[in-house]
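Novice: Take this structure first; my questions come after.
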Amino acid sequence: MCAGLLPELITLDRWGYPVLAKEPVPPGLLPLARRATAACPALALLLERAD
């Protein structure tokens, strides 16, 4: 579910758990990152500000 919303940064491991890219979310993908965070099961993803 969340990987489908942001395939540029989220893949699934062989058990179906999200695996995140190591780099920060580019500004252009922030809206999709927020949607992916909201769509994933509780606490599976957390979007944090990288100041």
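The values are calculated or read from the model by the stated rules, or taken from the named source; none is laboratory data. Being a predicted model, the structure only gives us computed values, none of them experimental. Note that we place each Cβ from the backbone using ideal geometry, even for glycine, and neighbour counts take in every protein chain shown.
Novice: Give the residues of the range 1-11 that are loosely packed, with under 14 Cβ neighbours inside 10 Å and either modelled with pLDDT under 90 or in contact with a Ser or Thr (Cβ under 6 Å, 6 or more places away or on another chain) (or both), sorted by residue number.
Specialist: Listed by number, the residues that qualify are 1, 4, 11.
Novice: Being closer than 12 Å to residue 10 by Cα and not in a loop (DSSP other than H, G, I, E, B) is the filter; apply it to the range 36-51 and report the residue that is modelled with the highest pLDDT.
Specialist: If we take residues in the range 36-51 being closer than 12 Å to residue 10 by Cα and not in a loop (DSSP other than H, G, I, E, B), then 36 is modelled with the highest pLDDT.
Novice: Would you be able to say whether some residue in the range 7-14 is over 8 Å from the mean Cα position of the chain (by Cα) and in a helix (DSSP H, G or I)?
Specialist: Within the range 7-14, none of the residues are over 8 Å from the mean Cα position of the chain (by Cα) and in a helix (DSSP H, G or I).
Novice: If you go through the range 16-34 one residue at a time, how many are surrounded by 13 or more Cβ atoms within 10 Å (Cβ to Cβ) and in a helix (DSSP H, G or I)?
Specialist: 4
Novice: Return the pairs, sorted by first residue and then second, in which the second residue is modelled with pLDDT of 75 or more and among the hydroxyl-bearing types (Ser, Thr, Tyr), the first residue lies in the range 38-51 and is more than 15 Å from residue 16 (Cα to Cα), the beta carbons are less than 6 Å apart, and the residues are 6+ apart or on different chains.
Specialist: Sorted first by the residue in the range 38-51, then by its partner, the pairs are 47/37.
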